[in-house]
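Written out below as C-alpha cells is the structure these notes cover.
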Amino acid sequence: MELWVILLCTLVSSLLGGLYVLGVFRRRRPNEPPLDKGTIPWLGHLLEFRKDSSEFLKRMQRKHGDVFTVLIGGYYFTFVMDPFCFGAIVKESRSKLDFTTSATQLVVQVFGYKPTKATHSIVHASSTKHLMGDGLTALTQATMESFRKLMLFSLSSGDKRVWKEENLFHYCYNIIFRAGYLALYGTEPARGAGNEEKAEEQDRLHSNQIFHEFRKYDRLFPRLAFAMLPPKDKREAERLKRHFWNVLSVKKVWQKDNISDWISDQDQLLAENGVPEYMRDRFMFMLLWAAQGNTGPTAFWLLLYLLKHPEALKAVRDEVDKVLRESGQEVKAGSPPVTITRDMLSRTPLLDSALEETLRLVAAPMLTRAVLEDTSLRTSSGTEFTLRKGDRLALFPHISVHMNPEIHEEPHKFKYDRFVNPDGTKKDFYRNGKKVKFVNMPWGAGVSTCPGRFFASAEMKLFVFLMLSHYDLELVNEEEEIPLLPPSHVLLLCCCYRS
C-alpha cells in the first residue's frame, strides 16, 4: 500500500509540475500588465508570432494597451509599446534587467561559442577602440581598398559604356560581404615581388567562396535561432558551422596579411583569458556573422528605394558628386577610381538620412531583457506596472516608433530627407508635443547597442557612394514593386560606367 501511495504522489507531483511548465496555473497578479496566454498550453502565441510578429503585436496592443504579457513558446514576454518608457528601460540596472542571458543562449545555439565572463568586455573595449574614432578611419580605408579590388579593378579594360544586368540583391550582398570580410580578416600574402595581381585574384575567388557558403547558413539562421529546423536542415547547419570553424580558424586567419586590429586584438585577449583555440575559432565565425549579416541586405534596400524615387536618387547623387569635387576628385573616362575617405563620408547628410530612413522601414529588431527581480515600470500616462521575476521584457520599436504616425508623418512612405533639416543638421521628432529621444532603433539601445554600427554604416555608405559616383543605374523593370522581404525572385539592375 505504501508503495502505491508513493507512486501516486510522484505521479501527481509530475502532473502538477508539467501543468505548471505548460503555463496552466499562471495568473495575473495585482499591478501586473494584462496577461494573454493564448489557447495552446506552453506554445501560447508562438505560431501566430512567428507567422507575422508585427500584426500579432498590433492586435495585442489594440486589445490590451501599450504594456501586456504574452506566452510565447514557454516564455512570458512583457511587451512595452510606449516609446517614452524606453529611456528608463535601457538605463535600468543589469541586476534587474539583463540582456546577456538570452544573447548567451543564442550564441551557443547558432555559433557553438560559449561566452566567458570576459567576452562582453573584450568585444566592447575592442569595438570602441577599432570601430570608432581613429580605428574606424583606418578600417574605412581598408574597406575602400577592398571595394576597389572587387568593384573597380576592371575599370581600365573593356568598353566602359556597355550596359549589363545584375541581380540587385545578390550583387549588393555579395560585394559588401566580401569587402568587409577582406578588410576584417585579412588578405592573401603576395609571396614575392610581382605577385600582387595573383594575390588580389585569389582574394576575389576565396571571398566569393566564403560568401556562397555564408548565404547557405544565412538562409537557415532564423529557424535555427528558434530551434525549428527539420533534421535535414539541422545536419546542413552543423556542416556549415564546422566549415566556418575551419576556414576562419585562428591558425588560418593569422597566415593572412592586413588583418584588422579589431580581429587580432580580440583573439589575443581571448587567448590571454584562457579561451581554448577551438573556441576562438567559433568566436571568429560569430564575429563574421555579426559584422556582415545585415549590411548587404540593407544596402540593397537603400539602393532600391533610391532607384524607385528619382528625386531622392538625384539629390543623393548630386551630394556625392559635390563631395568628390570638393576633395579634388572626379569620375571621368581615363581617370583612376576615386578614393573615398571617412572624412568625405562625414559630409553626406542626405545619404545619412536616406540610410536612416531605409533602416526605419526595414529593420525590425526585438530588444529583450531577462527580468532578474520584480521591477516597477511607469508609463507616460502615469500607470505603474510590476514586471515579474523570471519573465522577459521586450521592445519592438518597428511598431512603437518606426511606423508610429504620431512620431513619423506618413510612416509607410520613403522620405530620403526625413531625418535632416534643410541646413544639414539632424531633425528632432515629437509625439503629442513632447520630444521623443528614441526615434529610430535599428542598432538596439543602451548596453545592448550594436558596437559595430559605425563601421556597418561606413560600409554601406562607401558602397552606395561608389555605385552612384561610378555607375549609371536603372531597374530593368521600373514598375517593380518594392517587396516586403528580400526578394525570392531576381530583381534586375541595369548598370554601366558613367562617362
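What follows draws every value from the coordinates through simple rules; no lab data is involved. These numbers were taken from a predicted model, which means no experiment stands behind them. Neighbour counts are summed over all protein chains in view; Cβ atoms, including those assigned to glycine, are modelled from backbone coordinates with ideal geometry.
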Open item on the list: Please compute the alpha carbon radius of gyration of the range 243-325, then divide it by the globular-protein estimate 2.2 N^0.38 Å. Two decimals is fine.
Closed with: 1.64
Task: Spin-label zone in the range 55-84 - amide nitrogen under 14 Å from a point set 7 Å from the Cα of residue 47 along the C-beta vector - done: 73
TODO: Between residue 63 and residue 410, with labels modelled 7 Å along Cα→Cβ, what's the label distance in nm to one decimal, could you check?
DONE: 3.4
Open item on the list: Considering only C-alpha atoms, what is the centroid distance from the range 456-493 to the range 23-48, in Å?
Closed with: 43
TODO: Could you pull out the pairs from 51/413; 164/308; 314/413; 117/437; 149/198; 129/437 whose alpha carbons sit more than 21 Å apart here?
DONE: 51/413; 117/437; 129/437
Task: Solvent-free Debye scattering, log10 I(q)/I(0), computed from the Cα coordinates of the range 84-210 at q = 0.15, 0.16 Å⁻¹ - done: -0.97, -1.04
TODO: Any chance you could list the semi-axes, whole Å, largest first, of the equivalent ellipsoid that the Cα gyration tensor gives for the range 202-343, using √(5λ)?
DONE: 36, 23, 14
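Counting other C-beta atoms within 10 Å, and keeping those with at most 14, which DSSP coil GluC sites (Glu not before Pro) do you find in the range 267-345? Before the final figure, lay out the partial values.
Working: sites: 272, 277, 311, 319, 326, 330; in loops: 330.
Counting only loop positions with at most 14 other Cβ atoms within 10 Å, the GluC sites (Glu not before Pro) in the range 267-345 are 330.
How much of the DSSP beta bridge set in the chain is antiparallel, as a percent to the nearest 5?
Around 85 percent of the beta bridges assigned by DSSP in the chain are antiparallel ones.
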Task: Tensor-based shape of the range 216-279 (alpha-carbon gyration tensor, a/c under 1.5 rounded, otherwise prolate or oblate) - done: prolate
- [ ] Pairs of Cα atoms under 8 Å, at least six residues apart: use those to get the relative contact order of the chain, whole percent.
- [x] 23
Open item on the list: Rounded, prolate or oblate, given the Cα gyration tensor of the range 388-435, with a/c below 1.5 counting as rounded?
Closed with: prolate
Task: Principal axis box of the chain, alpha-carbon based, largest edge first, Å - done: 95, 55, 40
Task: Rounded to whole Hz, the Karplus (6.51, -1.76, 1.60) HN-Hα couplings of the range 313-320, x for glycine and proline - done: 4, 5, 5, 5, 5, 4, 5, 4
Open item on the list: I need two numbers for the range 397-499: Rg to one decimal and Dmax as a whole number, Cα atoms only, in Å.
Closed with: 17.3, 50
Open item on the list: From the alpha carbon gyration tensor of the range 169-257, can you work out the equivalent ellipsoid semi-axes (sqrt of 5 times each eigenvalue) and give them in Å, largest to smallest?
Closed with: 30, 15, 9
- [ ] Quick one: go through the range 369-383 and flag any residue whose amide nitrogen is under 13 Å from the point 7 Å out along the Cα-to-Cβ line of residue 93.
- [x] 372-376
TODO: Taking H placed 1.01 Å from N in the peptide plane, check which residues at least 5 places from residue 420 or on another chain put their amide H under 5 Å from its amide H.
DONE: 427
Open item on the list: Can you tell me which aspartates and glutamates have their Cα less than 19 Å from the Cα of residue 427? Leave out same-chain residues fewer than eight positions away.
Closed with: 319, 352, 356, 357, 406, 409, 410, 417
Open item on the list: If each residue of separation counts as 0.36 nm, what is the full-extension length gain between residue 134 and residue 475 once their alpha-carbon separation is subtracted?
Closed with: 119.0 nm
TODO: For the range 318-406, just say rounded, prolate or oblate: build the C-alpha gyration tensor, square-root its eigenvalues into a ≥ b ≥ c, call rounded for a/c under 1.5, and beyond that prolate if a/b exceeds b/c, oblate if not.
DONE: prolate
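Using the Cα centre of the range 101-247 as the reference point, and only Cβ charges (+1 on K/R, -1 on D/E), how large is the resulting charge dipole? Debye, rounded to the nearest 20. The partial results should precede the final answer.
Working: 22 positive and 16 negative charges, 133 e Å.
It works out to roughly 640 debye.
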Task: Computed lengthening from residue 376 to residue 101, 0.36 nm per intervening residue step minus Cα-Cα distance - done: 97.0 nm
Open item on the list: Please arrange 130, 402 by how many other C-beta atoms lie within 10 Å of their C-beta, fewest to most.
Closed with: 402, 130
Open item on the list: Please compute the modelled spin-label separation between residue 346 and residue 162, points set 7 Å along Cα→Cβ, answer in nm with one decimal.
Closed with: 4.2
Open item on the list: Please report the projected area of the range 163-221's Cα convex hull averaged over all directions, in nm².
Closed with: 5.3
